[in-house]
Amino acid sequence: MAMGLQTGNSYRILLRISSIVGALASAGLMIWILMQHWQTFMAWKAEAGFWPFFAGLAVIPLFGFPVTPLLVLAGATFELLPALAGCALAFGVNLTLSHLLARRYLRNWLTRMANHWQYEIPGVGSRSRLTVLFLVRITPGPPMAFKNYVGALVEAPFTAYIAIYWTATMLYALGLLALGDSLSNASMPEGAAAIALLGAMLMLVLWTLKRLGGLWRNQLSQERSERFPIDKTDATDNRMNIP
């Protein structure tokens, strides 16, 4: 299966902008809360447990909770390398559970939600599956949990699903963890580097969507023509017999 956006360019642009603005707002809100309640946060940080926190990070996003503020909080609470290790484990568990839930229990609900978001889930051939899987993951718009579930419905190997989704999620997490870590260390250079990394990733995502989106549509058209070939002789005869 694949997911193809069936709306016009204006809707796609609005959806992407709203997603980006929402992510920025949630990150900014978390930063503002931490700065306004810094002493309370420091007291909580001293008692925060590594395993309970990242166990929550593995489970809470399954219910649609935005992961962006959680990653900023993780970066501010733990050292950068342990936070990266915790995220690597948490997202591995999260994606495995997402795949299991989508395949066994959520297929009908996901179809209804895809219609709500004005997405279609058509069938694609084997040559398009990895491209579609990648495009579904990086496309701004729907919540990350929804994209994780829909990606699980793409008829691609589980290992491909994990590799693509885990890598993309960890790259996103790296920038937000560094941003949170810069707050904890009061490091403006680290904060600027984190913002620059996130901005560069956003530009790369938009460029990739533009390039790969057209490539996938060409692949899909080619596979459809191979599966449903047109008999040119019959078509010519039909045209000649038209009164």
Checking rank on 79-88, 166-175, 46-55, with mean other Cβ inside 10 Å and highest first, the result is 166-175, 79-88, 46-55
Neighbour-count ranking for Val93, Val150, Val21 (other C-beta within 10 angstrom, fewest to most) reads Val21, Val93, Val150
Taking every other residue with Cβ under 11 Å from the Cβ of Thr77 and scoring Lys and Arg +1, Asp and Glu -1, one gets -2
Exposure-ranked with fewest Cβ neighbours within 10 Å first, Arg107, Arg129, Arg211 stand as Arg211, Arg107, Arg129
Expected unfolding gain across Ser187-Leu89 under the 0.36 nm per residue rule, minus the alpha-carbon gap, is 32.6 nm
Per the rule of 0.36 nm per residue minus the C-alpha distance, extending Leu212 to Gln39 adds in nm 57.6 nm
Inter-part gap, Cα centre of the range 176-196 to Cα centre of the range 136-171, in whole angstrom, is 27 Å
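Every number here is computed from the coordinates shown, using simple stated rules; none is lab data. Since this is a predicted model, take the numbers as computed values, not measurements. Glycine also receives a Cβ, built like all others from the backbone with ideal geometry; neighbour counts cover every protein chain displayed.
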